[in-house]
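The values are calculated or read from the model by the stated rules, or taken from the named source; none is laboratory data. In this text, all values refer to a predicted model and were calculated from it rather than measured experimentally. Cβ coordinates were reconstructed from backbone atoms using ideal geometry, including for glycine residues, and neighbour counts include every protein chain displayed. Heads up: the accessible areas ignore ligands, DNA and RNA and are worked out on the full protein's heavy atoms, side chains in. Shrake-Rupley method; radii C 1.70, N 1.55, O 1.52, S 1.80 Å.
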Amino acid sequence: MALYGSRRDVTLAWDQTQERLQCCGVDTWHDWNRYGPVPESCCQELFGGQRKDCSIFPTITNLYSQGCLYVTTNFIRDHAALIGGTAIAVA
């Protein structure tokens with residue numbers, strides 16, 4: 001998170017993760033407070049790529065409030081059989 005905005009690959013990885021998983025930060029959106037404003041990729045999408053404005057006044061009503069670690073853990077848990085089967089098939 002400390003490299004967000006200064007390294008293109010890190011910034012792109014965070015933005016894509018937060019947009020696709022609809023999450024923000026590691027544990028919560030408050031994680032970003034140490035590094036600057038909340039990225040636009042944390043703002044909830046309205047439609048057609050437009051987003052709510054959450055960078056200046058972030059609240060749970062205009063941004064993704066769940067942390068990406070929680071969302072990722074739940075995704076893996078919910079899809080463990082598929083992930084395991086795919087890993088076995090590849091091996």
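Run the helix sum for the chain: -39,500 (n - 2.57) per DSSP H stretch of 4+ residues, divided by residue count, reported at 222 nm to the nearest 500 deg cm²/dmol.
-12500 deg cm²/dmol
Short-range pairs are left out: with C-alpha atoms under 8 Å and at least six residues apart, the relative contact order of the chain is 28 percent. Accessible surface area normalised per residue over the chain is 68 Å², counting heavy atoms of protein chains with a 1.4 Å rolling probe.
Could you tell me which of rounded, prolate or oblate describes the range 1-72, using a ≥ b ≥ c as the square roots of the eigenvalues of the alpha-carbon gyration tensor, with rounded for a/c under 1.5 and, failing that, prolate when a/b is larger than b/c and oblate otherwise? Each step should come with its number before you reach the end.
Values: a/c = 1.30, a/b = 1.25, b/c = 1.04.
Cα axes put the range 1-72 in the rounded bin.
Between helix 68-78 and the chain there is an angle of about 30 degrees, using the helix long axis and the longest principal axis of the Cα atoms. Percent of accessible area on the chain owned by carbon and sulfur, 1.4 Å probe? The nonpolar share, carbon plus sulfur, comes to 59 percent.
Multiplying the residue separation of residue 35 and residue 50 by 0.36 nm and removing their Cα-Cα distance gives an extension gain of 3.0 nm. Taking only Cα atoms, what is the 0 to 90° angle, nearest 10, from helix 8-21's long axis to the longest principal axis of the chain? On a 0 to 90 degree scale, this one is about 70. Distance from the Cα centroid of the range 1-28 to that of the range 68-91 is 21 Å (rounded to whole angstrom). Overall form of the range 33-91: prolate. Here a/c, set by the Cα gyration tensor axes a ≥ b ≥ c, is 1.5 or more, and a/b is the larger of a/b and b/c. Considering only 24, 44, 13, and ranking their Cα positions along the charge dipole of the range 6-50 that arises from unit charges at the beta-carbon of Lys, Arg, Asp and Glu, the one farthest toward the positive end is 13. Near the amide H of residue 51, within less than 5 Å, lie the amide hydrogens of 46, all on another chain or at least 5 residues away, with H placed in the peptide plane.
Absence of a disulfide-compatible partner, taken as no other cysteine beta carbon within less than 4.7 angstrom, is noted in the chain for none of its cysteines. Take each peptide in 15-21, 38-44, count the other Cβ atoms within 10 Å of every residue, and average; sorted highest first, the result is 38-44, 15-21.
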